[in-house]
Amino acid sequence: MKVLVLNCGSSSLKYQLMDMENEKVVTKGTYERIGQDNSFVTIKQKGDKIRIENPVKNHEAALKFVMEELLTGEKYGVISDLNEIDAVGHRLVHGGEKFDHSVLIDDEIIELIKETTPLAPLHNPACLLGVEACQKLIKDIPMVAVFDTAFHQTMPKENFIYPLPYEYYEKYKIRKYGFHGTSHKFVSQRVAEVMNKDIKDLKIVTCHLGQGASLCAIQDGKSINTSMGLTPLAGIAMCARCGDIDPSLPFYLMDTLGKTKEEINSILNKESGVLGISGISPDFRDVEAAKAEGNERATLAIDFYNHTVAEYIARYAVSLQGIDVIVFTAGIGENQINIRKGICENLKFMGVEIDENANNCRGEEVEISSANSKIKVYVIPTDEELMIARDTKEIVEKM
Ligand code: AMP
């Protein structure tokens, strides 16, 4: 079975064609700057990265180019006909309370997804553009929606409720939802396999540390707590997002500095986090390099980040009443050796101990804790696309 995985952002479209017989990637690529004059697509084939400039007006045009030139075309094609694709898996950012698992897409589901748009006004409409484009380009193909929020729908109410007047939850569904569910689910399942344990016997804290970052407390293979909230701005400080701050801060910025709502939104989402504190870059590689040269604000930003991630892990020791294993994943979690070390040093009091040699790795599945560590620590590269393809295959096979 061949599954096409689509992940649409407001101006981007990521695609990955998977052969589910062996779970291998057939081809993949990313269209960027859709709707602008300089849109381009980068594809990865046989280890080579190729950039193709091809301006497109919208997602439908981008997907058409992907299908006609990059999947079936003479030069880059990998299949002879679109009919070779058995199903499409779509990444949907927000499923609200309506979706606690992946679903086969039909008109009714599309309407339900539209109802969650106020919860993800930028993301969900973009994902739906991908769904609509697919419907037009490959008639009658089964499509599955996989939601970033679904895995967290198992959180108990005391872990998702906000201490606001209760009617805001009842009437408007204002609550903590959490994101990166596909990634947290994938790496928690994978770490159990690697440890040769039943996931039901493990108390796991997964740390998805990428540009967006969230932690998740997992018991019995289910999310019971997570650090992002109603939106992906909450939780730990990120590359450029602020994470948890005093909720009155936006009013203060408005009243004392005359900032507008749009300006505050931009400050909190794009100018804060590690970029904000360091003033250097949202990329940890740049901030670490500056720290190595003795830059004080870079050091402060990294110390702050490591401390906050460790605090969240300790918090989840309360949610889980203990931790068996901590997992690091995503860009920073998989690649930033010193960040993993710094976080774990903050957790020495809990008996976490790193083996420096083992931790000297990037993007590999490795146990990085020492033999004496009371809590195991692993690096597990995430694979959200594979998880989406697996869900898609499972649902389509039951049709
Ligand atoms: P993500 O959103 O998961 O792609 O993560 C992006 C972040 O991961 C970047 O800001 C970098 O700090 C970090 N990162 C990604 N790749 C590497 C790498 N090869 N080495 C070190 N850090 C990396």
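Residue under question is ALA234, and the condition is that it be away from the ligand (no atom under 16 Å from the Cβ) and either outside any helix (DSSP H, G or I) or under 24 Å from MET155 (Cβ atoms) (or both); does it hold?
Yes, satisfied.
Can you tell me which residues in segment 18-34 are at pLDDT 95 or above, crowded, with 16+ Cβ neighbours inside 10 Å and part of a loop (DSSP other than H, G, I, E, B)?
Scanning segment 18-34 gives a single hit, MET20.
Which one is nearest to the ligand (Cβ to nearest atom) among residues in segment 185-211 that are more than 16 Å from ALA330 (Cα to Cα) and part of a helix (DSSP H, G or I)?
VAL194
For the list (1) buried (at least 16 other Cβ atoms within 10 Å of the Cβ); (2) closer than 22 Å to ILE199 by Cβ, I need the number of the one condition that ARG315 fails.
Against the list (1) buried (at least 16 other Cβ atoms within 10 Å of the Cβ); (2) closer than 22 Å to ILE199 by Cβ, ARG315 comes up short only on (1).
Has segment 307-319 got at least one residue that is within 11 Å of the ligand (Cβ to nearest atom), part of a helix (DSSP H, G or I), modelled with pLDDT of 95 or more and under 15 Å from GLY210 (Cα atoms)?
no
What pairs come out if I take residues in segment 325-349 that are on the phi > 0 side of the Ramachandran plot and pair them with residues that are within 16 Å of the ligand (Cβ to nearest atom) whose C-beta lies under 6 Å away, six or more apart or interchain?
Cβ pairs passing all conditions: ALA330/HIS208; ALA330/LEU209; ALA330/GLY210; ALA330/THR382.
Test HIS94 against the criterion of being touching a residue at least 40 places away in the same chain (Cβ under 8 Å) and assigned to a strand (DSSP E or B), and give yes or no.
Taking the combined requirement at face value, the residue does not satisfy it.
Of the residues ILE52, ILE105, ILE85, only one is touching a residue at least 12 places away in the same chain (Cβ under 8 Å), hydrophobic (A, V, I, L, M, F, W, C) and touching a Lys or Arg at 6+ places or on another chain (Cβ under 9 Å); which?
Of ILE52, ILE105, ILE85, the one residue that is touching a residue at least 12 places away in the same chain (Cβ under 8 Å), hydrophobic (A, V, I, L, M, F, W, C) and touching a Lys or Arg at 6+ places or on another chain (Cβ under 9 Å) is ILE85.
Could you tell me whether MET399 is among the aliphatic types (A, V, I, L, M) and modelled with pLDDT under 95?
Answer is yes for this residue.
Select, from ILE277, ILE245, ILE218, ILE264, the only residue that is within 16 Å of the ligand (Cβ to nearest atom) and of a type outside the set (D, E, K, R).
ILE277
Out of the residues in segment 320-341 that are more than 18 Å from the chain's Cα centre (by Cα) and surrounded by fewer than 20 Cβ atoms within 10 Å (Cβ to Cβ), which is farthest from the ligand (Cβ to nearest atom)?
Applying the filter and picking the extreme gives GLN321.
The values are calculated or read from the model by the stated rules, or taken from the named source; none is laboratory data. Everything numeric in this text was worked out from a predicted model, so none of it was measured. Cβ sites come from the backbone with ideal geometry, for glycine too, and all protein chains shown count toward neighbours.
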